[in-house]
Amino acid sequence: MHDFFKSISLSHKTAPLAVRELIALNEDESKQFLIKLREFFGATESLVISTCNRTEVYYTSSQNLNQDIARLLLAEKGITSTDDYLPYFHFFDTQAAAVRHLFEVCTGLHSQVVGDMQIPNQVKQAYQWSADLDMAGPFLHRLMHTIFFTNKRVAQETSFRDGAASVSYAAVELIEELVGASGCPHMAEYGPANPSILVVGLGEIGADICENLAARKMTQITLCNRTRSKADALAQKHGFRVADFANLTDEIAKADVIISSVLVEKPLITPELLSGLNSLTFKYFFDLSVPRSVDVNIEQVPGVLLYNIDHIRNRADEALSRRMASIPQVEAIIDQSIAEFNDWSREMIVSPTINKFKNALEQIRKEEIARHLKNMTAEESEKVEKITRSIMQKIMKAPVLQLKAACKRGEADTLIDVLTDLFDLEKQPVDNSQHFH
């Protein structure tokens, strides 16, 4: 196979969060980088994926531009000491490695939470940017649609997408079940369909909770954090409300769901804090802190239900176990898809030769018919046209089938050379519209 598709990757597997944040590209930066790939390197097909966990660039080129592209990316982010940051990248120097990596990323095999359902949507968005900028050609179109179909098979045929496999995702999923936000309530009669949710503490888990709440289109969210600036930044990003940490008791009284993930030596939320609570509906507390930030005795307060991190983690662990068990199935589906894509990719290489061969025969056919047309009636001319077309198709059939079979064996180059010499195909023009059928 011709190695013209390659990629660079900086991810949670190769770089710490501080480095990933430095390199991450927003939508405008991603689009600008696609344009620069075309301007600087003449890349006609490119894909830029940038999330909180990874920034990756895929491109087609006869040259290996991996290091150059990594340096350009670093320069675009204002990093001058590029040599210090190159070790954080993983370079995929062959088409086979780059294609497989993209399949595995898109299905969630390389996500921090295995089977992550957000990554397919993020990749679709990145692909749309490439298409909008005319940076997606026949190769990338075919590759992406093969990947999307593979994702559909993974969802339908395996348990790889089942359940919530991260603590924060599992907590939000449980909230939906308890208060009916998902439209499939277990206890919706006790709470509103769009619950009022208070998030206390915005460390890694708290911030991740916010992302998941936003993704589920929950709107009545209040953030409460000791450092107000962090709450303001997250609130601005998602359109949430911010409350002062000093008003915690009042905010708890107003909320239907309280999610606590604060670092404290002893419980922050206690029965005494809730002593004045007079709730007519259930109030749900989720304690995601270690050590605990919610006193277990608060369940003695009428209407209060408490779920701790062990409960949530068990849900997540069960889902993760099902996903991990599905990995061999997922890999088998990916293998099938890559094999089919590789067959197409190899055929793409011989299609110009097939079209030149067809054009050469068509030229001979037309020249011979033209010599005899003046002596034929319209009816005879039509019959000759039909007969000669049929003869040409039958002559073409065996060489084309042999070429395609040689493609699958990786032996097409020899046959291409033979056909080119026999029919002097070098002189034939290339019909670009037919290359990739």
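The values are calculated or read from the model by the stated rules, or taken from the named source; none is laboratory data. Since the structure is predicted, the reported quantities are computational estimates derived from the model, not experimental observations. Because the Cβ atoms are built from the backbone with ideal geometry, glycine has one as well, and the counts that use them run over all protein chains shown. Only protein heavy atoms, including side chains, enter the accessible area calculation; ligands, DNA and RNA are left aside. Shrake-Rupley method; radii C 1.70, N 1.55, O 1.52, S 1.80 Å.
What are the extents of the Cα atoms of the range 292-387 along their three principal axes, listed from largest to smallest and rounded to whole Å?
On the principal axes, the range 292-387 reaches 106, 28, 20 Å in Cα extent.
Spelling out what I want: for every residue of the range 225-238, take phi, set θ = phi - 60°, compute 6.51 cos²θ - 1.76 cosθ + 1.60 (Karplus), and round to whole Hz; glycine and proline get x.
In residue order, the calculated couplings are 9, 4, 8, 4, 4, 5, 5, 4, 5, 5, 5, 5, 5, 10 Hz.
Need one number: nm distance between label points at LYS124 and VAL264, each 7 Å from Cα along Cα→Cβ, rounded to one decimal.
If labels sit at LYS124 and VAL264, their model points lie 4.1 nm apart.
Can you tell me what share of the DSSP beta bridges in the chain is antiparallel? A percent to the nearest 5 is fine.
40 percent
Run through every distinct alpha carbon pair of the range 353-421 and return the Kirkwood hydrodynamic radius in angstroms, one decimal place.
About 13.6 Å, per the Kirkwood formula over Cα pairs.
If you take the charge dipole of the chain about its Cα centre, with +1 on Lys and Arg Cβ and -1 on Asp and Glu Cβ, which of ALA131, ALA170, ILE391 is farthest toward its positive end?
ILE391
In whole percent, and with a 1.4 Å probe on the protein chains, what portion of the accessible area of the range 1-147 is carbon and sulfur?
The nonpolar share, carbon plus sulfur, comes to 48 percent.
Dividing the Cα convex hull volume of the chain by residue count, how many Å³ per residue is that?
Convex hull of Cα atoms, per residue: 191 Å³.
If you bin the C-alpha pair distances of the range 240-289 every 5 Å from 0, what whole percents do you get?
It works out to 4, 16, 30, 31, 15, 3, 0, in whole percents.
Through the Karplus equation 6.51 cos²θ - 1.76 cosθ + 1.60, θ set to phi - 60°, convert the phi angles of the range 17-26 into ³J(HN,Hα) values in whole Hz; use x for Gly and Pro.
Ordered by residue, 3J(HN,Hα) equals 4, 4, 6, 4, 5, 5, 8, 4, 10, 7 Hz.
List the residues whose amide H sits under 5 Å from the amide H of PHE285, counting only those 5 or more places along or on another chain, with H placed 1.01 Å from N in the peptide plane.
For PHE285, the qualifying residues are ILE258, LEU305, LEU306, TYR307.
Show me, bin by bin at 5 Å from 0, the whole-percent P(r) of the range 23-119 based on Cα pairs.
Spelled out per bin, shortest first, that is 2, 12, 23, 24, 22, 12, 4, 0.
Considering only protein heavy atoms, what per residue accessible area in square angstrom results for the range 1-160 with a 1.4 angstrom probe?
Here the per-residue accessible area is 43 Å².
Once you list every other residue whose beta carbon is under 9 Å from the beta carbon of GLN220, what net charge do they have if Lys and Arg are +1 and Asp and Glu are -1?
0
What distance in nm separates the two pseudo spin-label positions at LYS366 and GLN32, each 7 Å out from Cα along the beta-carbon direction?
Spacing of the two 7 Å Cα→Cβ label points: 5.0 nm.
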